[in-house]
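Colleague: One structure, pasted below without further comment.
The values are calculated or read from the model by the stated rules, or taken from the named source; none is laboratory data. Just so it is clear, the model here is predicted, and its values are computed rather than measured. Methodologically, a virtual Cβ is constructed for each residue, glycine included, from the backbone with ideal geometry; neighbour enumeration extends over all protein chains shown.
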Amino acid sequence: MSLKARWHKACAETIGSKLFWRIAVDHLSIERELVPLIERHAKGRILDAGAGRLAWRELLARRSSHYLATDYVPAHPDLAFTADLQGGIPLRDASVDTIFCCSVIEHTPEPWRVLPEFRRILAPGGRVILSVPFLYYLHDAPHDYFRFTRHGIERLAEAADLDIVEINVSGGMAHAFGQAFSLVWAGLFWTRKAPWLVTLPAAAVFSMCRMLDRLDRSGLFAQTVNAVLTPKAPGTARPAMPPATAAERPA
């Protein structure tokens, strides 16, 4: 069995459990960043958009009056429905209170269509909890199309009539190398009988990466961008988007 296959096996055997968040550096990192956002903002009728195999279900369902999960493909029997997030979510306008979307829109061919669809189904005062990759390894090829900066998310949100409640970046260059190490390590040593062979090294590397990445205070080498968005208040004028600078224009 290849290292990649063994890594996927480790994920398949742990997803949906707390152990899943302990087997790799990026799992530890993204849980640390998103759990506080979920605790502060997730409520009511929650849509887990791009839910896959329901890694976040336990945490989201605890804060939800009604939890719905969707994905483009039927990756899990408990998905409520399959849907294209680029304009094909079969829900009424203003019908959900929270949309959670983690590491998903980079896999959509036209990600600029996703946030307007979220805006359509989001109730007034609702929240989108969004996490997207920036400095991140190729995954789910060939359906891995985009990476996003903080500024890119700000522009996409503005175009979709969404305000930013909070936005931050996480991880860094050290995390990128640490994640590469933990993928290989899990591929070599994962076993359900002794998960500590993977979880203890992952925790140690994660702690070291966090210390090193504090040197990158500007987030220049961030792994992910995490944002909470909300619909603009009725009557709020949309400010004109600034023109692209010379550096942003295509050559």
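Colleague: Of the conditions (1) buried (at least 21 other Cβ atoms within 10 Å of the Cβ); (2) of a type outside the set (Asp, Glu); (3) out of contact with any Leu (no Cβ under 8 Å at 6 or more places or on another chain); (4) modelled with pLDDT of 95 or more, VAL169 satisfies every one except a single condition; which number is it?
Modeller: Here VAL169 clears every test but (4).
Colleague: I need the full set of residues from the stretch 78-105 which are among the charged types (D, E, K, R) and surrounded by fewer than 19 Cβ atoms within 10 Å (Cβ to Cβ), in order please. Walk me through how you get there before you give the answer.
Modeller: Filtering the stretch 78-105 for residues among the charged types (D, E, K, R) gives 78, 84, 92-93, 97.
Residues satisfying the conditions are ASP78, ASP84, ARG92, ASP93.
Colleague: Sticking with this structure for a sec: Go through the stretch 2-81 and tell me which helices (runs of 4 or more DSSP H), entirely inside it, have 3 or more residues that are of a type in the set (A, V, I, L, M) and in contact (Cβ under 8 Å) with a residue 40 or more places away in the chain. Lay out the reasoning, then the answer.
Modeller: Details: elements: 3-14, 25-41, 57-62.
Counting at least 3 such residues, we get 3-14, 25-41.
Colleague: For the stretch 84-178, which strands (runs of 3 or more DSSP E) that fit wholly inside it have 3 or more residues that are over 15 Å from the mean Cα position of the chain (by Cα) and farther than 17 Å from VAL73 by Cα? Walk me through it before giving the result.
Modeller: Details: elements: 96-102, 122-133, 162-170.
Output list reads 122-133, 162-170.
Colleague: Would you mind telling me which numbered condition in (1) at negative phi; (2) at pLDDT 95 or above; (3) in contact with a Lys or Arg (Cβ under 9 Å, 6 or more places away or on another chain) GLY44 fails?
Modeller: Answer for GLY44: the failing condition is (1).
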